[in-house]
Number of protein chains: 2
Amino acid sequence: MKTLIVHAHPEPESLNSALKDLAVSTLENAGHQVRVSDLYAMGWKAVADAADYGPAASHPLRLAQDSGRAFDAGTLTPDVRAEQEKLLWADTLILQFPLWWYTMPAILKGWVDRVFTYHFAYGVGEHSDTRYGDRFGEGTLAGRRALLSVTAGGPESHYAARGINGPMDDLLFPIHHGVLYHPGMDVLPPFVLYSTDRMTAEDYPDVAKAWEQRLLTLDTTEPIPFRPQNAGDYEIPSLHLKEGLEPAGRTGFGLHVRG
Amino acid sequence: MKTLIVHAHPEPESLNSALKDLAVSTLENAGHQVRVSDLYAMGWKAVADAADYGPAASHPLRLAQDSGRAFDAGTLTPDVRAEQEKLLWADTLILQFPLWWYTMPAILKGWVDRVFTYHFAYGVGEHSDTRYGDRFGEGTLAGRRALLSVTAGGPESHYAARGINGPMDDLLFPIHHGVLYHPGMDVLPPFVLYSTDRMTAEDYPDVAKAWEQRLLTLDTTEPIPFRPQNAGDYEIPSLHLKEGLEPAGRTGFGLHVRG
């Protein structure tokens, strides 16, 4: 297994950094190859702008088209090209981050915004009246697996089906489905730790054991069964889910999960 | 009316920038005061780190506590203090942004991550076994209104109830409810433009007219009726919505909207 870990926490002595370090050692000790993009340590540029596209930047700037042209020409900036190469090298991607304001920190969002360019992660395949690209199950990163490892300060009950924050599966859906499944990756159920604001050193051994177990079963864990866009479940061109495919009462994001 | 517009697009000639400019002129011509935080033009620092907290930063860094201590001491960085002051000055907040990967661009997420500090936007009020803070309808920004103005490249059908991207209301819920309602703001229904990838100059007059109408009715538009945390709808301390309050069949994020 070849795993890329993208890590987004500023403090090397944080829980997130400990989980990242444990992932590296656990996977390497099991004979796997691991690469790490430690975004804070790298001084990752979080903000997408014209400088990313060099001579491919147009006036006025059009981010999709310009990023696609720079991707095609091989003139994206070296930092972005390096991340795209790591994604193509890896068969497994882990994003390690704390939940800030119910989603990823800005530095990780900026990794997505800048690395997931047009023609690489979207705008791939035929776009016409009868087909809307190779995406949601197909695309550049098809055949690879992805896993979110997330820490949440608040208690699990707040993220339950009736919890005030909304269900964690729904909060993560735009990342799982919109960012990772979109360019073709199979997405594993997330590893989520709750109440980390109140976690103590005494709690860590159990956490570490649970994380090791997830890491050592990455290649046998069943992905979330999202519906592929181009396998018959959706009307064309509306991309509405066809009537009657979902279990009774299922609505919202959950419609796009089979079974 | 005193409106703060936070604008997150790198291109001054973009649709987003045109909508921002139109908001300024429309509101000012109607006699209102307007301030703009043009994040790209300001070179906004998107990444939260120890430098934000100056002498209040601890070792190891703890972002919540350290940001709260720096807020209390008045030692947050000048850029963050200026944004907090603008939020306190304004009675209305507009966030203008393109939907990138189903949420806000990194630079705007970084505005939230850095400006919405502990003791300012969260960690406000009593936290005990019987009360979990002044939030979701109460808090520092209570009594203010907020509106998202969002452009989406893809067609509206993809964001419909059965659309493949998931419903737009659900995609925006973590911002509406998690970021804006959390510190107490009333959140208005969003102004969303779809298929902006294919929009032409000929389409703009109708778009401008619709946006002007929304801007001139900001103070009479009914907010989304999210449920206040501390008004009896939730069990304490689980913060589960009490059984039977929702319309039949309502699940997920929609549970937290009344009626």
Practice problem: Take every DSSP beta bridge whose two residues both sit in the protein assembly as shown, then give the antiparallel share in percent to the nearest 5. | Solution: 15 percent
Quiz prompt | Computed lengthening from B:LEU245 to B:ASP197, 0.36 nm per intervening residue step minus Cα-Cα distance | solution = 13.2 nm
Quiz item: Using a probe radius of 1.4 Å on protein heavy atoms only, what is the accessible area buried between chains B and A, both sides summed, to the nearest 100 Å²?
Solution: 5300 Å²
Exercise. Return the whole-Å distance between the Cα centroid of region B:175-200 and the Cα centroid of region B:44-91.
Key: 25 Å
Exercise. Determine, for region B:2-222, the count of lysine pairs separated by eight or more sequence positions (or lying on different chains) whose alpha-carbon distance falls under 21 Å.
Key: 9
Quiz item: Dividing the convex hull volume of the Cα atoms of the protein assembly as shown by its residue count, what figure in Å³ per residue is obtained?
Solution: 147 Å³
Exercise. Could you tell me which GluC sites (Glu not before Pro) in region B:1-93 are loop residues by DSSP with no more than 13 other beta carbons within 10 angstrom of their beta carbon?
Key: B:GLU13
Exercise. Could you tell me whether chain B comes out rounded, prolate or oblate from its Cα gyration tensor? Rule is a ≥ b ≥ c as square roots of the eigenvalues, rounded for a/c under 1.5, then prolate if a/b exceeds b/c, otherwise oblate.
Key: oblate
Exercise. Provide the per-residue ³J(HN,Hα) series for region A:242-258, in order, calculated from phi with Karplus coefficients 6.51, -1.76, 1.60 and θ = phi - 60°, each as a whole number of Hz, with x at glycine and proline positions.
Key: 4, 5, x, 7, 9, x, 3, x, 6, 9, x, 4, x, 4, 8, 10, 6
Quiz prompt | Partner aspartates and glutamates for A:LYS242 [C-alpha distance under 18 Å; skip if fewer than 8 residues away on the same chain] | solution = A:ASP129, A:ASP233, B:GLU156
Quiz item: Roughly speaking, to the nearest percent, how much of chain B's 1.4 Å accessible area is carbon and sulfur?
Solution: 51 percent
Practice problem: Enumerate the amide H contacts of A:ASP134 below 5 Å, restricted to partners 5 or more residues apart or on another chain; note that Pro and chain-start residues carry no placed amide H. | Solution: A:VAL124, A:GLY125, A:GLU126
Practice problem: Using protein chains only (no ligands, no nucleic acids) and a 1.4 Å probe, work out which residues of region A:98-133 have their accessible area cut by at least 50 Å² relative to the chain alone. | Solution: A:TRP100, A:TRP101, A:TYR102, A:ALA106, A:LYS109, A:ASP113, A:TYR132
Practice problem: Provide an ascending nm list, one decimal, of label-point separations from B:THR200 to the equivalent residue in each further copy; define each label point as 7 Å from Cα along Cα→Cβ. | Solution: 6.8
Quiz item: B:GLY232 label points, 7 Å along Cα→Cβ, one per copy: pairwise distances from this copy to the rest in nm, shortest first?
Solution: 5.3
Exercise. Quickly work out the A:ASP129-to-B:ALA64 label distance, labels modelled 7 Å from Cα along the C-beta direction, and quote it in nm with one decimal.
Key: 5.5 nm
Quiz item: Per residue, what accessible area does chain A have, given a 1.4 Å probe and all protein chains present, in Å²?
Solution: 39 Å²
Quiz item: Name the residues of region B:7-21 whose accessible area falls by at least 20 Å² when all protein chains are present instead of the chain alone, probe 1.4 Å?
Solution: B:PRO10, B:GLU11, B:GLU13
Practice problem: Tell me the distances, shortest first, between B:SER128 and the same position across the other copies, using label points 7 Å along Cα→Cβ, in nm to one decimal. | Solution: 6.8
Quiz item: Which of the residues in region B:63-86 show a loss of at least 30 Å² in accessible area from their chain by itself to the complete set of protein chains, at a probe of 1.4 Å?
Solution: B:LEU63
Quiz item: Where does each of B:VAL124, B:VAL36 land when they are ordered by accessible area, with a 1.4 Å probe and the largest first?
Solution: B:VAL36, B:VAL124
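The values are calculated or read from the model by the stated rules, or taken from the named source; none is laboratory data. Everything numeric here is computed off the predicted structure, so don't read it as measured data. FYI the Cβ positions are ideal-geometry reconstructions off the backbone, even for glycines, and counts take in every protein chain you see. Heavy atoms of the whole protein, side chains included, go into the accessibility calculation; ligands, DNA and RNA do not. Shrake-Rupley method; radii C 1.70, N 1.55, O 1.52, S 1.80 Å.
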